[in-house]
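Participant: Encoded as structure tokens, here's the structure I'll be asking about.
Computed from the coordinates by the stated procedures, all read-outs in this text should not be read as laboratory data. Since the structure is predicted, the reported quantities are computational estimates derived from the model, not experimental observations. Virtual Cβ from ideal backbone geometry, glycine too; neighbours counted across all protein chains shown.
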Amino acid sequence: MAGSFMSQLEANRSTSAHFAFDNSYARLPERFYARLPPTAVVKPQLIKLNLALARQLGLQPEWLATPEAAQMLAGNRLPPGAEPIAMAYAGHQFGNWVPQLGDGRAILLGEVRDASGVRRDIQLKGAGPTPFSRNGDGRAALGPVLREYIVSEAMAALGIRTTRSLAAVSTGERILRQEGLLPGAVLTRVAESHVRVGTFEFFANRGDVEGVRLLADYVIERLYPEARESGQPYRALLDKVIARTAKLVASWQLIGFIHGVMNTDNMSISGETIDYGPCAFMDAFHPGRVFSSIDSGGRYAYGNQPRIAHWNLVRLAQALLPVLADDETVAIASAREAIDAYPERFEAAHFAGLRLKLGLAGERDGDMDLASELLELMTANKADYTLTFRLLADGADGPVRGQFADFVAFDAWAAKWRDRLAGENTTPAERAAAMRAVNPAFIPRNHRIEAAIAAAQTRSDFSLFEELLKVLAAPFDDQTQFAHYADPPKPDEVVQQTFCGT
Ligand code: AMP
Ligand code: MG
């Protein structure tokens with residue numbers, strides 16, 4: 001048996017059925033990117049492979065685990081069919097216009113179709129300098145790579161649209177960062193597309209209307225083919241990006257996720273969460289919560305995310321103006337109409353999600369006041385966001401009360417909640433199950449991420465990283481043997497700041 005299994009593995013290997021590349025972005029005009037290969041590293045070593053994602057991408061996991069594949073995932077060898085490019089883009093960073101950013105440390109190897117026919121980018125992040133690197137070294141440190149791997153995969157398991165992590169390899173090289181010399185790593189990032197708001201801004205700002213149109217046509221073809229059927233495909237494209245973004249940011253708010261750097265170059269046109277830098281999940285709830293060390297003004301605080309997304313979408317609408325209509329007044333009116341639909345779209349998604357979090361299947365006047373009052377109590381009592389909703393599934397007179405120092409105020413709220421639940425057509429057991437299906441027990445808590453990174457960095461011990469990934473793969477299951485992973489940090493474990501590590 002073992003022999004036949006091994007020969008089967010060998011047979012699989014020799015079929016070299018790896019990345020079946022079909023690279024549509026590399027077929028766009030040369031001004032959309034720079035062509036260049038990744039820069040080789042000293043000693044590539046596989047840290048982690050995402051086997052489930054590999055299968056979804058139609059890859060043989062056995063092949064991905066070979067030393068040959070590790071060479072490719074580190075950028076030392078190009079897989080057959082790859083056409084490596086660094087994408088050009090611009091963006092507004094903290095509100096300030098930067099005419100040229102671009103992939104300064106990421107190289108797109110190419111695109112493959114996944115098992116459901118969706119085209120996905122295969123990109124190496126930390127693959128060496130590109131013409132867009134400016135003063136950067138083109139590299140990524142191990143810590144941020146593990147962080148992105150953990151958080152992006154956790155987001156996917158939580159049901160939130162996100163780029164994915166296919167693999168992490170260490171480079172055997174040290175790179176210089178503020179903290180000193182750090183081990184380097186490369187992440188293989190998978191996305192439905194890496195086109196950003198800032199990609200449109202790049203062409204629009206140069207007065208390259210043809211570039212804007214080509215990019216819009218590309219995005220429609222790849223991501224929003226229904227828009228082609230509309231009488232106004234570019235307006236339809238804008239509407240669709242607005243709708244997806246509204247939904248995405250609502251899902252962030254509902255799960256307590258703070259992106260941290262919502263610059264327009266980090267806002268994906270496909271509506272995927274992208275660029276896990278100084279992101280964080282909130283422990284104690286507070287709408288003003290900021291983790292990013294570089295966000296001193298709190299521009300990207302939790303409570304600001306919905307309106308920042310709106311601001312970013314205005315930048316997209318502006319970039320699309322020249323293709324929305326020939327007449328500028330008409331184009332502006334069309335853009336405004338599209339943009340003005342955002343607040344309602346966001347609120348609808350957010351309110352719907354809050355109702356589910358509270359176990360309300362139906363919709364009544366006053367539901368949003370009920371939710372707001374709870375969030376206000378959570379703020380005043382520094383209640384843990386995730387734990388409060390998870391415990392609330394078991395009823396309001398149980399351990400959830402422990403989250404509220406002012407339990408008199410909480411009990412008053414709970415009485416209103418019970419009254420409201422009495423109007424629902426569900427049994428308590430059904431309601432509890434429904435609540436547990438939307439309120440996770442496990443989120444990637446900052447102190448757990450830090451501990452996993454510290455063990456990997458200082459002792460090359462990846463066991464905490466592996467265990468964390470395992471727990472986060474089933475965030476809605478009780479997993480009693482890992483119950484401690486649901487706990488908020490102890491006072492001395494609280495992480496106050498996160499860093500982008502670039
Ligand atoms: P980020 O803050 O990761 O969204 O990156 C903003 C810009 O800086 C992008 O153009 C990145 O490609 C670039 N960048 C970030 N880190 C590096 C690095 N280590 N080397 C070169 N460019 C980088
Ligand atoms: Mg970025």
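Participant: What per residue convex hull volume, in Å³, do the alpha-carbon atoms of the range 2-194 yield?
Facilitator: Per residue, the Cα convex hull of the range 2-194 comes to 138 Å³.
Participant: Let me know the Kirkwood hydrodynamic radius for the range 99-199, please, with Cα pairs as the basis and the value in Å to one decimal.
Facilitator: 14.4
Participant: A further question on this structure: In terms of modelled amide H atoms, which long-range or inter-chain residues lie less than 5 Å from the amide H of R177?
Facilitator: L182
Participant: Here's a follow-up. Against the globular-protein guess of 2.2 N^0.38 Å, express the Cα radius of gyration of the chain as a ratio, rounded to two decimals.
Facilitator: Numbers: Rg = 23.4 Å, N = 502, 2.2 N^0.38 = 23.4 Å.
So the chain has a normalised radius of gyration of 1.00.
Participant: Within 12 Å, Cβ to Cβ, of A434, how many net charges do the neighbouring residues add up to if Lys/Arg are +1 and Asp/Glu are -1?
Facilitator: Around A434, the surrounding residues sum to +2.
Participant: Now, a different point. Percent relative contact order of the range 440-502, based on C-alpha pairs within less than 8 angstrom and at least six residues apart?
Facilitator: Answer for the range 440-502 is 44 percent.
Participant: Could you list log10 I(q)/I(0) for the range 238-346 at q = 0.10, 0.13, 0.18 Å⁻¹, which the Debye formula gives when each Cα is one point scatterer?
Facilitator: One equal scatterer on each Cα of the range 238-346 leads to -0.30, -0.49, -0.84.
Participant: Under a point spin-label approximation (7 Å from Cα along Cα-to-Cβ), what is the A65-D208 distance to one decimal in nm?
Facilitator: That separation, rounded to one decimal, is 4.4 nm.
Participant: Given contacts defined as C-alpha pairs under 8 Å and at least six residues apart, what's the relative contact order of the chain, whole-number percent?
Facilitator: In percent, rounded to a whole number, it is 14.
Participant: Provide the convex hull volume over Cα atoms per residue for the range 350-502, in Å³. It would help to have the intermediate numbers written out before the result.
Facilitator: Values: hull volume 20.7 nm³, N = 153.
Once divided by residue count, the hull of the range 350-502 is 135 Å³.
Participant: Hey, which lysines would be in cross-link range of K470, C-alpha to C-alpha under 25 Å, not counting anything within fewer than 8 residues on its own chain?
Facilitator: Answer for K470, where 25 Å is the Cα cut-off: K48, K125, K357, K490, listed by chain and number.
Participant: Enumerate the calculated ³J(HN,Hα) couplings along the range 36-45 in order (Karplus 6.51 cos²θ - 1.76 cosθ + 1.60, θ = phi - 60°), each rounded to whole Hz, writing x wherever the residue is Gly or Pro.
Facilitator: 6, x, x, 8, 5, 10, 5, 8, x, 9
Participant: Distances longer than 25 Å among the Cα atoms of the range 279-434: what percent of all pairs is that?
Facilitator: Here the long-distance tail beyond 25 Å is 46 percent of all Cα pairs in the range 279-434.
Participant: Can you figure out the FRET efficiency of D340 with E467, using R₀ = 45 Å and their beta-carbon distance, to the nearest 0.05?
Facilitator: 0.45
Participant: If I take every Cα pair under 8 Å that is 6 or more residues apart in the range 2-194, average their sequence separation and divide by the length, what percent do I get for the relative contact order?
Facilitator: 24
Participant: Please report the projected area of the range 77-153's Cα convex hull averaged over all directions, in nm².
Facilitator: 7.0
Participant: Pull up all non-local amide H partners of Y89: gap of 5 or more, or a different chain, and H-to-H distance under 5 Å with H placed in the peptide plane.
Facilitator: Distant-sequence amide H within range of Y89: L101, G102, D103.
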